[in-house]
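K.L.:
Dumping the structure here so I can ask a few things about it.
The values are calculated or read from the model by the stated rules, or taken from the named source; none is laboratory data. Computed from a prediction, not measured in an experiment: that's the story for all the values here. Don't worry about glycine lacking a Cβ; one is built from the backbone with ideal geometry, like all the others, and counts go over all protein chains shown. What goes into the accessible areas is simple: the full protein's heavy atoms, side chains included, and nothing from ligands, DNA or RNA. Shrake-Rupley method; radii C 1.70, N 1.55, O 1.52, S 1.80 Å.
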Amino acid sequence: EVVSSVYKEILVKLGLTEDRIETLEMKGGIIEDEFDGIRYVRFKDSAGKLRRGTVVIDEEYVIPGFPHIKRIINLRSGIRRIFKRGEFYVEEKVDGYNVRVVMYKGKMLGITRGGFICPFTTERIPDFVPQEFFKDNPNLILVGEMAGPESPYLVEGPPYVKEDIQFFLFDVQEIKTGRSLPVEERLKIAEEYGINHVEVFGKYTKDDVDELYQLIERLSKEGREGIIMKSPDMKKIVKYVTPYANINDIKIGARVFYELPPGYFTSRISRLAFYLAEKRIKGEEFERVAKELGSALLQPFVESIFDVEQEEDIHELFKVRVKRIETAYKMVTHFEKLGLKIEIVDIEEIKDGWRITFKRLYPDATNEIRELIGGKAF
Ligand code: ATP
């Protein structure tokens with residue numbers, strides 16, 4: 001969609017030049033979209049101070065893109081360097097998808113990292129966030145992770161979400177500026193309004209690396225993704241993921257090997273190498289990790305080849321619950337906008353709504369494997 005002149009005026013007020021806006025529009029860097037009668041512009045690319053994922057509904061409702069969180073690869077030197085002095089909070093990094101929640105004209109909207117108002121998330125968010133919060137704080141954004149086995153975007157969720165999906169708050173920001181509230185204030189809000197929060201493991205300093213090693217070991221054993229470390233004022237934030245998560249991501253990725261950029265695999269392999277080196281892991285334990293990595297990479301990949309041999313398309317299966325059947329159809333349109341190939345497999349009526357089973361198809365991976373099986377030479 002072309003960006004209408006009303007939005008262009010707003011974008012100029014937000015600091016973009018008309019030239020810049022035109023270039024962005026031509027490259028598809030800004031797109032005007034609509035959800036349930038709400039028009040908005042989303043930023044597919046960053047422009048000036050406006051980050052990728054920024055959503056502009058009107059002059060007041062500018063929801064900044066969620067910033068990138070830097071990663072440390074060596075835990076000890078990483079925390080020494082980032083948190084030279086003072087304490088920092090350590091929270092769980094919950095494995096789901098990022099959601100920014102705002103209230104607009106009395107309706108809560110769930111916005112994805114890419115800047116889409118997501119039909120599924122928007123329908124479900126009132127189950128997890130009380131309206132009162134936004135009545136009291138209309139200028140705030142709740143940022144959290146939606147995670148669980150029934151997510152429309154991810155095949156897996158954290159081990160402790162046994163069914164459906166759950167919201168985990170991890171940031172509260174101001175509309176327009178995107179400034180985060182200090183950790184303590186956020187925790188108070190979660191408590192006061194009864195909003196589910198990511199687990200907080202406590203306050204640490206750079207000298208507590210041994211405790212952090214233990215924490216990482218435990219989380220890894222429990223099949224959890226990792227930690228995010230935050231200074232109390234939210235000015236410094238870094239992440240560190242468990243060896244489990246690195247291997248598990250490889251396992252999930254290997255099924256659709258050809259769909260992913262090579263960097264998806266190499267980055268995770270290098271994180272594992274640095275983990276093994278930092279912890280001086282050798283002997284049996286080393287062998288175990290090495291074997292796990294090998295299997296994670298090869299087993300799903302070989303299975304995919306067998307699947308294609310059996311004339312099956314490579315796909316991932318998703319199950320989600322919706323309250324209204326229209327939400328399922330809106331999701332199909334939403335997936336089309338994302339360029340994904342989706343097929344609804346089953347619709348089943350359940351208490352309070354519907355359970356939708358759908359397939360995400362991977363035609364590129366399927367075709368590549370099919371051709372290679374067929375003897376393609378290159
Ligand atoms: P980027 O590298 O740009 O951050 P990404 O999608 O690769 O993007 P991840 O490596 O998954 O990012 O890590 C950052 C994401 O982790 C955040 O965008 C957020 O959705 C998620 N997350 C989960 N738990 C937390 C938490 N406690 N605090 C902050 N972010 C969290």
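K.L.:
Of everything in the stretch 165-181, what is open to solvent by less than 20 Å² (accessible area, probe 1.4 Å) and either within 13 Å of the ligand (Cβ to nearest atom) or within 20 Å of residue 334 (Cβ to Cβ) (or both)? Give them in sequence order.
P.N.:
165, 167, 168, 169, 171, 172, 173, listed by residue number.
K.L.:
Please count how many residues of the stretch 214-238 are open to solvent by less than 30 Å² (accessible area, probe 1.4 Å) and either outside any loop (DSSP other than H, G, I, E, B) or on the phi > 0 side of the Ramachandran plot (or both).
P.N.:
Qualifying residue count, the stretch 214-238: 12.
K.L.:
Is it the case that residue 30 is more than 16 Å from the ligand (Cβ to nearest atom) and within 22 Å of the chain's Cα centre (by Cα)?
P.N.:
Considered against the rule, which asks whether it is more than 16 Å from the ligand (Cβ to nearest atom) and within 22 Å of the chain's Cα centre (by Cα), residue 30 comes out as yes.
K.L.:
Have a look at 199, 211 and point out the one that is open to solvent by 60 Å² or more (accessible area, probe 1.4 Å), within 12 Å of the ligand (Cβ to nearest atom), acidic (Asp, Glu) and over 16 Å from the mean Cα position of the chain (by Cα).
P.N.:
Criteria check complete, one pass: 199.
K.L.:
If you don't mind, there's one more thing I want to ask. Quick check on my filter: what residues within the stretch 148-163 are in contact with a helix residue (DSSP H, G or I) (Cβ under 9 Å, 6 or more places away or on another chain), more than 13 Å from the ligand (Cβ to nearest atom) and open to solvent by 40 Å² or more (accessible area, probe 1.4 Å)?
P.N.:
155, 156
K.L.:
In addition: Can you confirm whether residue 145 is within 11 Å of the ligand (Cβ to nearest atom) and open to solvent by 10 Å² or more (accessible area, probe 1.4 Å)?
P.N.:
The answer is yes for residue 145.
K.L.:
Of everything in the stretch 109-118, what is out of contact with any Cys (no Cβ under 6 Å at 6 or more places or on another chain) and open to solvent by less than 10 Å² (accessible area, probe 1.4 Å)? Give them in sequence order.
P.N.:
Selection gives 109, 111, 115, 117, 118.
One line per residue, one yes/no per condition, for (1) of a type in the set (A, V, I, L, M); (2) modelled with pLDDT of 95 or more; (3) within 19 Å of residue 156 (Cα to Cα); (4) within 16 Å of the ligand (Cβ to nearest atom):
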| position | (1), (2), (3), (4) |
| --- | --- |
| 217 | no, yes, no, no |
| 221 | no, yes, yes, no |
| 233 | no, yes, no, yes |
| 236 | no, yes, no, yes |
| 302 | yes, yes, no, no |
| 306 | no, yes, no, no |
| 313 | no, yes, no, no |
